[in-house]
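I have placed the structure first, in the form of structure tokens, so that the comments after it can refer back to it.
Every read-out reported here was derived from the displayed coordinates using simple, explicitly stated rules and does not represent laboratory data. Only a predicted model underlies this, so the values are computations on that prediction, with no experimental measurement involved. Positions of Cβ are backbone-derived with ideal geometry, glycine not excepted, and every protein chain shown enters the neighbour counts.
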Amino acid sequence: MPADRPVPGSAAAAGAAGDAAPGPGPGPGPGRPHVLVLGGTTEARRLAEALTARPATPYRVTTSLAGRVSAPVLPPGETRIGGFGGPTGLAAWITAHGVTHLVDATHPFAERMSFNAAGAAALSGVPLLALRRPGWTPGPGDDWHFADSLAEAAALLPSLGSRVFLTTGRMGLHSFAHLTEPWFLVRSVDPPDAPAPPQLEVLLARGPFTLDDERDLLARHRVDLLVTKDSGGSATAPKLAAAREAGIPVLVVRRPPVPEGHPSAASVAEALSWLDYDLPG
């Protein structure tokens, strides 16, 4: 199976694969195809569900989770939790467990894991697919402002609002810890760690959240600015619609660079087409 074959409906990127070592490894051995999904996203779960729900699925499916959530909702199939130890460790795991297909379905802002996946694919000779949901785009009535990093977002924030719904994830809260004047609302599955802004209210909750949920939250807390990463997808999009309706500006952190030289899919359906390319029949 050529690692650079196109995905139906999308184009493979050109260029080198991040920090990958030169030249492929020996490649996967014979046997039942084994898909390793680097997960933690809705798309990763749906891919595992689609593969395991088939009446006679030809695949063994393992989903890897980073372990940043204390009680994650586990997808069907096999699951492993924790890091691999960089691209070399991931390549070793791939080889030891007979992985034949690697799918990077991590969060669009998990750039380190994506580059590790590219490096591991080059070392092991296993083909890699990046399953990346499309980013969001502003529409009529949106008041969006953009930043290239959390640090830049923190610098722009005081000029845009004073009561902030911060939805960039608890792991990046330290980037805003020096802002003493704005009031922050953070919603998270697990409590955030220090450092954090001094004026902070934390809501412990697990999504998805409806448009009515987000309307109520913005009104109840008198939010005048929404800060978010360009995560894309529909699961967390209602907050954008609620901000638009309320006339609240949105500060959007752009996505980081990703490895090049591997095919990508924008949907689970495209990923399934890529995986089925090799199967006889």
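Ranked by the mean number of other Cβ atoms within 10 Å of their residues, highest first, the peptides 100-110, 148-158 fall in the order 100-110, 148-158. Only Cα sites of region 33-174 enter the Debye sum here, all with the same form factor; the resulting log10 I(q)/I(0) across q = 0.13, 0.16 1/Å is -0.68, -0.90, listed in q order. Calculated FRET efficiency, Arg112 to Arg206, Cβ-Cβ distance, R0 = 30 Å: about 0.75 to the nearest 0.05. The angle separating the long axis of helix 111-124 from the principal Cα axis of greatest extent in the chain is about 10 degrees. Please identify every one of the chymotrypsin sites (Phe, Trp or Tyr not before Pro) in region 190-281 that sits in a loop by DSSP and has no more than 13 other beta carbons within 10 Å of its own beta carbon. Qualifying residues, ordered by number: none. Residue by residue, region 204-210 carries 3J(HN,Hα) couplings of 8, 7, 10, x, x, 10, 7 Hz when phi is fed to the Karplus relation 6.51 cos²θ - 1.76 cosθ + 1.60 (θ = phi - 60°); x denotes Gly or Pro. All C-alpha to C-alpha distances of the chain, sorted into 10 Å bins beginning at zero, yield P(r) values of 6, 27, 31, 21, 12, 2, 0 percent in whole numbers. A cut-off of 5 Å between modelled amide H atoms, ignoring neighbours fewer than 5 places along the same chain, links Thr79 with Thr63. For region 96-103, putting each phi into the Karplus relation 6.51 cos²θ - 1.76 cosθ + 1.60 with θ = phi - 60° gives couplings of 5, 10, x, 5, 10, 9, 10, 10 Hz, in residue order, rounded to whole numbers and with x for Gly and Pro.
Semi-axes of the equivalent ellipsoid of region 178-243 are 21, 14, 12 Å, computed as sqrt(5λ) over the eigenvalues of the C-alpha gyration tensor in descending order. For the options Leu166, Leu211, Leu225, a Gaussian network treatment of the chain with springs between C-alpha atoms closer than 10 Å singles out Leu211 as fluctuating the most.
Once Rg and the Kirkwood radius are both taken over the C-alpha atoms of region 210-281, their ratio Rg/Rh works out to 1.20. Across the alpha-carbon set of region 96-150, the Rg to Rh ratio works out to 1.17, Rh being the Kirkwood radius. GNM remark for the chain: springs join alpha carbons under 10 Å apart, and the peak mean-square fluctuation among Ser64, Ser162, Ser124 falls on Ser162.
Helix 211-220 versus the longest principal axis of the chain: what is the Cα-based angle in degrees, 0 to 90, to the nearest 10? Here the helix axis deviates by roughly 30 degrees.
Once both axes come from the Cα atoms, what is the angle between helix 42-52 and the longest principal axis of the chain, in degrees from 0 to 90, rounded to 10? Around 30 degrees separate the two axes. Taking θ as phi - 60° and the Karplus parameters 6.51, -1.76 and 1.60, the scalar couplings of region 192-197 work out to x, 8, 6, x, 8, x Hz in sequence order, x denoting glycine and proline. Note on region 156-281: the C-alpha convex hull projects to 10.4 nm² when averaged across all orientations.
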